[in-house]
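Structure first, then comments.
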Amino acid sequence: MRATLQLVRSAFAARGIDNVYETTAPGEEESLAAQAVRAGVHTIVSVGGDGTCGRIANVILQSGADCRLAVIATGTGNDFAKTLGVNRYTPEQVADLVARGGATRIDVGIADGNYFLNSCGFGFDASVLEASNRVHFLKGDAVYIYSALGQLFTYRGIEVSANGVPGVKRGRMLMVTVSNGRSLGGAFKIAPNASVLDGRLDACFFSDSNVVERVKLFVGAMRGTHIGMRSVSAANVQQLALTFGSSPLMEMDGELRVARSRTVELRCVPRALSVIAVPGALV
């Protein structure tokens, strides 16, 4: 990370930008972003993964400031960076995008009172993320693939009901995902038809099943071919509410949190955030 930061400093310094701040503790990016917003900064460049992007975006959105978000991807899955088309971009290339000055407004989701950029997941998704936090011998997409394979044989599912999604009944689910972006955990095309420009979220309900069916779902989710499988229900919605047996563990932009109550309300906030993306990347 130290070498990456040096590249970031050099890339932006070459373009006359030298305000690069480094966090010294988890969560400090929020206070740094808040300082930047109060100072009237027009662009914040996040150097990190989905969680870092999400925390900075929450500060921008809650402030109501007209501030753009750009991303240099250094995380594990980098799903939001993939949405922007910058997941393989160098600091120099991102600096060029920032210097050009263009921006596009995209949709964001809100769940349990917090904004999310890419995804919000319950059940298997959250369990895999929890397991992945204990994997330190792999990097990138391999972390989530390895963790998901382990959970396939042990995860017990969750009871959930959905309000606002026709055709989805209360029952035991392997997983529920509500997506703004298309990918999840780096390797999984969990919402292949999602768009950050359509004013809606893509909800996907995976019924619990035996190990054989779970393996089929796993392979299908990696390929983006799970939509239409017998145990999968999908819906494109503006808002919905999910009710669980107790306050659920939830994954939000690659980070874990416990919901404030048994019922979690989710909705799309259209064109809420200004971002810098590769031309043609946003759909």
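For the range 143-180, run through the trypsin sites (Lys or Arg not before Pro) and keep only the ones in DSSP coil with at most 16 other Cβ atoms within 10 Å of their Cβ.
R156, K169, R170
Looking at the square roots a ≥ b ≥ c of the eigenvalues of the Cα gyration tensor of the range 116-269, which shape do they give, rounded for a/c under 1.5, prolate if a/b is larger than b/c, or oblate?
Cα axes put the range 116-269 in the rounded bin.
If you line up the Cα atoms of the range 2-107 on their principal axes, what length do they span on each, largest first, in Å?
Taking the Cα atoms of the range 2-107, the three principal extents are 31, 30, 28 Å.
Amide H to amide H under 5 Å from Q238: which residues, 5+ apart in sequence or cross-chain, H placed 1.01 Å off N in plane?
Those qualifying (amide H under 5 Å, at least 5 residues apart or on another chain) are L201.
Return the long-range amide H neighbours of D112 (sequence gap of 5 or more, or a different chain), with a cut-off of under 5 Å between placed amide H atoms.
E265
I'd like the GluC sites (Glu not before Pro) in the range 1-107 restricted to DSSP loop residues with at most 15 other Cβ atoms within 10 Å, sorted by number.
E22
Counting other Cβ atoms within 10 Å of each Cβ, which chymotrypsin sites (Phe, Trp or Tyr not before Pro) in the range 146-212 have at most 10 and sit in a DSSP loop?
Counting only loop positions with at most 10 other Cβ atoms within 10 Å, the chymotrypsin sites (Phe, Trp or Tyr not before Pro) in the range 146-212 are F153.
So if I average 1/r over every pair of distinct C-alpha atoms in the chain and take the inverse, what Kirkwood radius in Å does that give?
19.2
Counting only other residues whose beta carbon sits under 15 Å from that of R200, what net charge do I get with K and R as +1, D and E as -1?
That sum, taken over residues with Cβ under 15 Å, equals 0.
Mind checking which lysines have their Cα closer than 28 Å to the Cα of K139? Skip sequence neighbours fewer than 8 apart in that chain.
K82, K189, K216
How large is ³J(HN,Hα) for each residue in the range 37-44, as worked out from phi by the Karplus curve 6.51 cos²θ - 1.76 cosθ + 1.60 (θ = phi - 60°), to whole Hz, x for Gly and Pro?
4, 5, 7, x, 5, 8, 9, 10
Work through the residues other than R15 whose Cβ is under 12 Å from its Cβ and net out their charges, Lys, Arg +1 and Asp, Glu -1.
Neighbourhood net charge equals -1.
Using the Cβ atoms and a cut-off under 12 Å, what net charge is assigned to the surroundings of A70, where Lys and Arg are +1 and Asp and Glu are -1?
+1
Straight-line reach from K169: which aspartates and glutamates fall under 14 Å, measuring Cα to Cα and dropping same-chain residues less than 8 apart?
E159, D208
Values in this text are rule-based calculations from the coordinates and carry no lab data. Bear in mind that the values here come from a model prediction, so they are computed numbers and not experimental data. All Cβ positions, glycine included, derive from the backbone under ideal geometry; neighbour counts span all protein chains shown.
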